[in-house]
1. Given the peptides 312-318, 263-269, 362-368, 90-96, arrange them by the average over their residues of other C-beta atoms within 10 Å, most packed first.
2. Is the stretch 59-148 best put as rounded, prolate or oblate by its Cα gyration tensor, with a ≥ b ≥ c the root eigenvalues, rounded for a/c under 1.5, and otherwise prolate when a/b is larger than b/c, oblate when not?
3. For the stretch 24-53 and the stretch 328-381, what is the separation of their C-alpha centers, rounded to whole Å?
4. For residue 113 and residue 305, compute 0.36 nm times the residue count separating them, minus their Cα-Cα distance, and round to one decimal in nm.
5. Evaluate the relative contact order of the stretch 278-381 (contact order divided by residue number), counting alpha-carbon pairs under 8 angstrom at least 6 apart; express in whole percent.
6. What FRET efficiency, computed as 1/(1 + (r/R0)^6) with R0 = 22 Å and r the Cβ-Cβ distance, is obtained for residue 66 and residue 138, rounded to the nearest 0.05?
7. With a Förster radius of 45 Å, plug the Cβ-Cβ distance of residue 235 and residue 287 into 1/(1 + (r/R0)^6) and report the FRET value to the nearest 0.05.
8. Say each of residue 265 and residue 220 gets a label point 7 Å from the Cα, pointing the same way as Cα to Cβ; how far apart are those two points in nm?
Ligand SMILES: Cc1ncc(COP(=O)(O)O)c(C=O)c1O
């Protein structure tokens, strides 16, 4: 069969393969979620109440930290954690050159300057080898990202940071449940910021975020910041913000949390199938990771024929995304930093070549097979 006919056969053979079906998790546990929503509606308490308190305790227990504070979203979790660490104007914060822009935006929102280090081409995560050269007397915090769900080399990063008296904030927004040995993402440095945006491995049905840490002073500071800097009604110790977690989101997250490990193992099975079946078909596949260290939020391959491969997959009804097409330092919003193209060659190459295939706990074996056949077809063109 010619590649073209094969594409036609695929297109007509079944429905499109969505990049991620966010509603599938909701459908799987619909009755549990219904009970949780009914409980909140009946309670008459909708923001920062018993569901939020219970979720904070349950998420801290899952992650393995002494404290957790729920906030409105992942960007606020990062920003408020940085502010609670004392980051402000005149400070520098080290970030990966390749990440979702929110990692950088949090530094900017805290009034500080993001200083990028290039990433490791094998993992797309912050390369500890590049860290030391980026440290200056103004550096306050290092923010490694567990990008795509794969743990950064956090112990090496923390060791370097400690030598220089710096704190480390994990951006764990893509790594719910990842673990190394018995330790979970979010408990591996001084503090961690979480997003529970609906598409995350643990996702709400709206915006939500959290900060976890063993440092209870830091957690209390974020607790103050998230609610107008107010320890008691109409008393404002610091100039805070409104970034409260609502009861509906907390109740949804509590209901989904017991399913997280199982959903992550289904993601792993999809990733293992891709790694096995797509070998030698023209894509540069993500490096395998030791058990548990990658929760496969995103399956990001690389190819220098990205546009052509995407076109073939799209014609076969397969949705792909690019994480991320432009690195933060080349975004117009960061032109003011004056970091020219060519400064972060690995991050820039990944942005040119990254191609993410559908992955998620609810992708069927047929969907995965369709992706494999379409990638094979794309390789023959
Ligand atoms: C790595 C990373 N950091 C931060 C965020 C920000 O989270 P949110 O969208 O909840 O603000 C996200 C997700 O969107 C992310 O992927």
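Every read-out reported here was derived from the displayed coordinates using simple, explicitly stated rules and does not represent laboratory data. Owing to the predicted nature of the structure, the values given are computational and were not obtained by experimental measurement. Cβ atoms come from the backbone with ideal geometry, glycine included; neighbour counts cover every protein chain shown.
1. Values: 312-318: 20.6, 263-269: 18.6, 362-368: 16.6, 90-96: 22.4.
In decreasing order of mean packing, 312-318, 263-269, 362-368, 90-96 become 90-96, 312-318, 263-269, 362-368.
2. Working: a/c = 1.79, a/b = 1.21, b/c = 1.48.
Note, shape of the stretch 59-148 comes out oblate.
3. 35 Å
4. Numbers: separation 192, 0.36 × 192 = 69.12 nm, distance 3.49 nm.
Going from the current span to full extension adds 65.6 nm.
5. Numbers: 114 pairs, mean separation 40.0, N = 104.
Taking the mean separation of contacting Cα pairs over the length of the stretch 278-381, I get 38 percent.
6. Values: r = 30 Å, r/R0 = 1.36.
The value I calculate is 0.15.
7. Numbers: r = 52 Å, r/R0 = 1.15.
According to the calculation, E is roughly 0.30.
8. Going from the residue 265 label point to the residue 220 one covers 4.0 nm.
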